[in-house]
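Asks: First the structure, then my questions, so here it is.
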Amino acid sequence: MPPEPSPLDRTQRKLLRRIGTVASVLLVAGAVVAIARNQAILDSLSRAFASPRWDALAVLAATVVAQQVLTSSVFWMLMRRHGPVGWGEMNALIAASTLANYVPLQAGSIGRLAYHKVVHGIPLKTSLVVILVAMGLVAMSLVVLVVMGLWVSRAGASWWWVAAAPLAWVPLLAGPATRVVGACLVLRTVELLVIALQSWAAFRMSGWDIEPSTAVGVAVVAAVANLTPFIGNGLGVREWAVGLAAPLLGGYETDAGLAAQLTGRAVDAVMAVAMGGPALAWIASRRVAPAPASPLDSSRP
């Protein structure tokens, strides 16, 4: 029987990454051109950057760190049943892969999967399944957040009630069989709320204040855009998704959405270097003996 093909075929992966990189560059360039042609947006940005809102910048930086920790915690809980992955180790891997995703033609998640295989002996297919599960958890969390948002909107209640969305998963924590999934769903939903706060801060730093309802809507759109495959960190896709969602979400115009997302992206990129650089150095400096190959690992070429 011929060996089972790898789910990470190198040739196909490189082609898709090239397409994704070109798409990202074109989308970002298009966003910059759209902003440059809107004098009102440029004037607003000039005023905002001339008198920076340091509170918004602080919130942006803090939410990037919080999102990194939450994402790492989710992957740590999902991966530790398959190998001895440490929480700090997973944080370093996520930080390093986030930075790698900003490098053209590089896929941070692929490097992370390879690391788990070499260091912990975790099959590539197992790691890939964990990534797909993590994406599924995001989708489930999005549904809960949207439902909560619709309830708040129709009931005329305070949008602070949206912060209670993670509590929807608390019953899952009671059962041993569902405890890990429940905890991951709680963290994923909290992460969406963090993205909403991040969106509010990005708009505020760019010179516009948006309502909590709009911030939650932007977070939902941004989270969906981040799931785009073969485009690292949703670069370009997230900016345009948020911009084009302006008529639906209200509270800003398309070019303002593009400008705010690019502002947030700039802070995110700086934080990615600040966290990912040391993480990459730490990973490179480790002297860990490769784990023995598993006879059940059918993903090797």
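Asks: What pairs can you find where one residue is in region 39-60 and free of Cβ contacts under 8 Å to residues at least 60 places away in the same chain and hydrophobic (A, V, I, L, M, F, W, C), the other is outside any helix (DSSP H, G or I) and open to solvent by 40 Å² or more (accessible area, probe 1.4 Å), and their Cβ atoms are less than 8 Å apart, with a gap of 6+ or different chains?
Replies: Partner pairs satisfying both residue conditions: none exist.
Asks: Does THR228 satisfy the condition of being surrounded by 17 or more Cβ atoms within 10 Å (Cβ to Cβ), among the polar types (S, T, N, Q) and part of a loop (DSSP other than H, G, I, E, B)?
Replies: Working: surrounded by 17 or more Cβ atoms within 10 Å (Cβ to Cβ): yes; among the polar types (S, T, N, Q): yes; part of a loop (DSSP other than H, G, I, E, B): yes.
Criteria met by THR228.
Asks: Which numbered condition trips up ILE41, out of (1) β-branched (Val, Ile, Thr); (2) surrounded by fewer than 18 Cβ atoms within 10 Å (Cβ to Cβ); (3) at pLDDT 85 or above?
Replies: For ILE41, the failing item is (2).
Asks: Sticking with this one: So in region 76-110, with the set limited to residues that are at pLDDT below 85 and of a type in the set (Val, Ile, Thr), which one is surrounded by the most Cβ atoms within 10 Å (Cβ to Cβ)?
Replies: The extreme case among them is ILE110.
Asks: Only residues that are of a type outside the set (S, T, N, Q) and more than 25 Å from ALA222 (Cα to Cα): list them for region 171-200, please.
Replies: Within region 171-200, PRO171, LEU172, LEU173, ALA174, GLY175, PRO176, ALA177, ARG179, VAL180 qualify.
Asks: Still on this structure, I have one more. From the list GLY251, GLY277, GLY264, GLY257, pick out the single residue that is in a loop (DSSP other than H, G, I, E, B) and at pLDDT 85 or above.
Replies: GLY251
Asks: Taking only region 111-145 into account, find how many residues are open to solvent by 40 Å² or more (accessible area, probe 1.4 Å) and under 18 Å from the mean Cα position of the chain (by Cα).
Replies: So the answer is 9.
Asks: To continue, here is another question. Looking at ALA256, is it open to solvent by less than 30 Å² (accessible area, probe 1.4 Å) and without any contact (Cβ under 8 Å) to a residue 12 or more places away in the chain? Please lay out each step first, then the result.
Replies: Working: open to solvent by less than 30 Å² (accessible area, probe 1.4 Å): yes; without any contact (Cβ under 8 Å) to a residue 12 or more places away in the chain: no.
Considered against the rule, which asks whether it is open to solvent by less than 30 Å² (accessible area, probe 1.4 Å) and without any contact (Cβ under 8 Å) to a residue 12 or more places away in the chain, ALA256 comes out as no.
The values are calculated or read from the model by the stated rules, or taken from the named source; none is laboratory data. Since we're looking at a predicted model, the values are computed, not measured. Positions of Cβ are generated from backbone atoms using ideal geometry, with glycine treated the same way; all protein chains shown enter the neighbour counts. Each accessible area value is taken on the protein alone, full model and side chains, heavy atoms only, with ligands, DNA and RNA left out. Shrake-Rupley method; radii C 1.70, N 1.55, O 1.52, S 1.80 Å.
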